[in-house]
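J.: Sending over a structure as structure tokens; questions will come in a sec.
The values are calculated or read from the model by the stated rules, or taken from the named source; none is laboratory data. Source: prediction; values computed, not measured. Heads up, the Cβs are rebuilt from the backbone with ideal geometry, glycines too, and the neighbour counts pull from every protein chain shown. Surface areas here come from the heavy atoms of the whole protein model, side chains and all, with no ligands, DNA or RNA. Shrake-Rupley method; radii C 1.70, N 1.55, O 1.52, S 1.80 Å.
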Amino acid sequence: MLWAGRMRLATLGILLILVPASAACEFGPFPYSLTGIVCRMTKPAALLLNQETAQVIQAAFRNAQFPNITGERSMRLLGKVSYELTNIQVNDLSIERSEVELREDDAIHIAIKNVTATFRGTLTYGYTGAWLLKLFHSVDFEIDSSIDLQINTELMCQKDKVAPDASDCYLTFHKLTLHLQGDKEPGWLKQLFTDFISFTLKLVLKSEVCKEINFLAQMLADFIQDLAENFLQDGDIKVDISLASAPLTKANYLESHHKGLVVYKNYSDVFSDSIFSPPLLTESRMLYFWLSEHVLSSLASAAFLDKRLVLTIRGEKLQALFETEDTEAQRKAVQMIFQGTSYNNSVAKVWSLARPQISVQPEGTIVKSFVAMEVTIFPPGEEPLMVLYMEMETMVTIQAAYMEKKLILHLLDSRVESKAFQCAADPSGNDPSLRNFLQTMISVDGIPEVVSTIELALTSLMNSKGLHLFDIKNPEIITRKGYVIVQLDFSFPNHVLLDFLEKKL
């Protein structure tokens, strides 16, 4: 291979990392019926990514290791002449500009203008004369070049995944001049080798550079899809992001449509009634994610099946939960429930009895749950005793936001309806003050504590999935009837993209 280390021309694939595939796969007659997740990248995002191209291309050329280039030619009087270019290195590389164009219903066109570079190395040549006289010489050479690169990336779908085809690649040479031993003036040796060495070098560059660009595009597409799948997987719960329909390539944005089906062990989601259509998204932000409420509801179901919807509260948190107000009623209720046992020797457990139901509305995400709560005390020297058991139907409305790399869940409204109640200190259930205290405590402190715990867990999970690679700017989470839109701008911290690619390639 002409390039070594798989670092070469890395950012020519950057524009493919958030890009969909074209309609090479077979899809059903209804274009968006299976769509659970949509990704839209707009022209400003493509332009931002293109700004990174020059730095990465320069690094790729500087770190490249070129193969030896050999050839031979029969010359009149001189006999057969052979040559070899070795120790080829690149110096003084610069790029005038890079341009990207999203061509309507066609491809991504990337134009790298006036890549100037100086190749240096050693030319070894030999020839056998008419009297079998063999002569071999080595001279240092320098090649000045000026090249334009044009890549038209057709986006295809193979095995329900993105498979970009960047084989439509052209190199245009404005200049490729050979200098021997620093001599800038033409001589017989230079005239002898310039034409056919330059011709051979052009063929090698065209073949190997375009081959490497195509390889890199496919590799980055696979890598980003694997990264997305990892982001949407935790333990046995994962989301199928295979393509659900043919994506769109428009002059101002690129858009891919994914199934978004939740898979958990033997449980596989089914979805065929998506309400998505392209006009639901705008073009004012760099990046959009559209999620059906079905995806969120299915994730909640999988979390229930995986027994994740359980919260255990002990010690100081338990005390804060039961002692929000220093009133006589509160002190009486705590004494009745805990029977003098300290909070450090007690535990409260809250868990979901059924799959939560999630619906998305303009005011927020509404979660309906059927949950149980029990309190157990551990008196010193005695057997554990369950002193309280309750079953409740709850409905909460939550608005989500993302700020400073933290997911913020705002609790807008909550309702609690008791369905079952057992208390060791009130077996007959005739003390309404105890039940009223518990209902108020759960509404005022219990539900916010559960929401805060979920918020912390989701933030920790998201930050462990590679979000540090981007500087997310002004993210917005918008809810509408039946779906959620996440829209944001982004940038890359200094050198983080280059460092990241060098580690991966």
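J.: Can you tell me which residue in the stretch 312-343 is farthest from Ile447 (Cα to Cα), limited to those that are open to solvent by less than 50 Å² (accessible area, probe 1.4 Å) and touching an Asp or Glu at 6+ places or on another chain (Cβ under 8 Å)? Please lay out each step first, then the result.
T.: Step one: list which residues in the stretch 312-343 are open to solvent by less than 50 Å² (accessible area, probe 1.4 Å), which gives 313, 315, 318, 321-322, 330, 333-334, 336-338, 341, 343.
Subsequent filtering for residues that are touching an Asp or Glu at 6+ places or on another chain (Cβ under 8 Å) retains 313, 321, 330, 334, 336, 343.
Details: Ile313: 13, Leu321: 10, Gln330: 18, Val334: 19, Met336: 22, Tyr343: 20 Å.
The qualifying residue farthest from Ile447 (Cα to Cα) is Met336.
J.: Now a separate question. Looking at Arg308 and the list (1) in a helix (DSSP H, G or I); (2) in contact with a Gly (Cβ under 9 Å, 6 or more places away or on another chain); (3) open to solvent by 70 Å² or more (accessible area, probe 1.4 Å), which single condition is not satisfied?
T.: Condition not satisfied by Arg308: (1).
J.: Would you confirm whether or not the stretch 379-389 contains a residue that is touching a Phe, Trp or Tyr at 6+ places or on another chain (Cβ under 6 Å) and within 19 Å of Arg314 (Cα to Cα)?
T.: Taking the stretch 379-389 and keeping what is touching a Phe, Trp or Tyr at 6+ places or on another chain (Cβ under 6 Å), we get 384.
From what is left, the residues that are within 19 Å of Arg314 (Cα to Cα) are 384.
Scanning the stretch 379-389, I find at least one residue that is touching a Phe, Trp or Tyr at 6+ places or on another chain (Cβ under 6 Å) and within 19 Å of Arg314 (Cα to Cα), so the answer is yes.
J.: Next question. Just one of the numbered conditions (1) open to solvent by 10 Å² or more (accessible area, probe 1.4 Å); (2) at negative phi; (3) modelled with pLDDT of 65 or more is not true of Ala64; which one?
T.: (3)
J.: Out of the residues in the stretch 210-251 that are of a type in the set (A, V, I, L, M), more than 11 Å from the chain's Cα centre (by Cα) and open to solvent by 20 Å² or more (accessible area, probe 1.4 Å), which is farthest from Asp269 (Cα to Cα)?
T.: Among those that are of a type in the set (A, V, I, L, M), more than 11 Å from the chain's Cα centre (by Cα) and open to solvent by 20 Å² or more (accessible area, probe 1.4 Å), it is Ala251.
J.: Between residues in the stretch 234-247 that are in the same structural domain as Leu296 (by the TED database) and in contact (Cβ under 8 Å) with a residue 40 or more places away in the chain and residues that are open to solvent by less than 30 Å² (accessible area, probe 1.4 Å) and among the acidic types (Asp, Glu), which pairs lie under 8 Å by C-beta distance while being six or more apart or on different chains?
T.: Taking only residues 6 or more apart or on different chains, the pairs are Pro247/Glu255.
J.: Any idea which of Ala333, Ala348, Ala354 is modelled with pLDDT of 90 or more, among the aliphatic types (A, V, I, L, M) and either in contact with a Gly (Cβ under 8 Å, 6 or more places away or on another chain) or more than 30 Å from Tyr483 (Cα to Cα) (or both)? If you could, list the steps in order and put the result at the bottom.
T.: Numbers: Ala333 fails: modelled with pLDDT of 90 or more; Ala354 fails: either in contact with a Gly (Cβ under 8 Å, 6 or more places away or on another chain) or more than 30 Å from Tyr483 (Cα to Cα) (or both).
Unique residue meeting the criteria: Ala348.
J.: Something else about it: Just one of (1) over 20 Å from Leu461 (Cβ atoms); (2) modelled with pLDDT of 90 or more; (3) not basic (Lys, Arg) trips up Asp236, so point out which.
T.: (1)
J.: Which members of the stretch 393-433 meet the condition of being of a type in the set (D, E, K, R) and at negative phi? Let's see the steps before the verdict.
T.: Of the stretch 393-433, the ones of a type in the set (D, E, K, R) are 393, 404-406, 413, 415, 417, 419, 426, 431.
Answer for the stretch 393-433, where residues must be of a type in the set (D, E, K, R) and at negative phi: Glu393, Lys406, Asp413, Arg415, Glu417, Lys419, Asp426, Asp431.
Conditions tested, residue by residue: (1) open to solvent by 40 Å² or more (accessible area, probe 1.4 Å); (2) within 25 Å of Asp326 (Cβ to Cβ).
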position	(1), (2)
Ile377	no, yes
Glu382	yes, no
Ile398	no, no
Leu409	no, no
Glu417	yes, no
Ala424	yes, yes
Met441	no, yes
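J.: Of all residues in the stretch 277-313, count the ones that are closer than 21 Å to Arg480 by Cα and of a type in the set (A, V, I, L, M, F, W, C).
T.: 11
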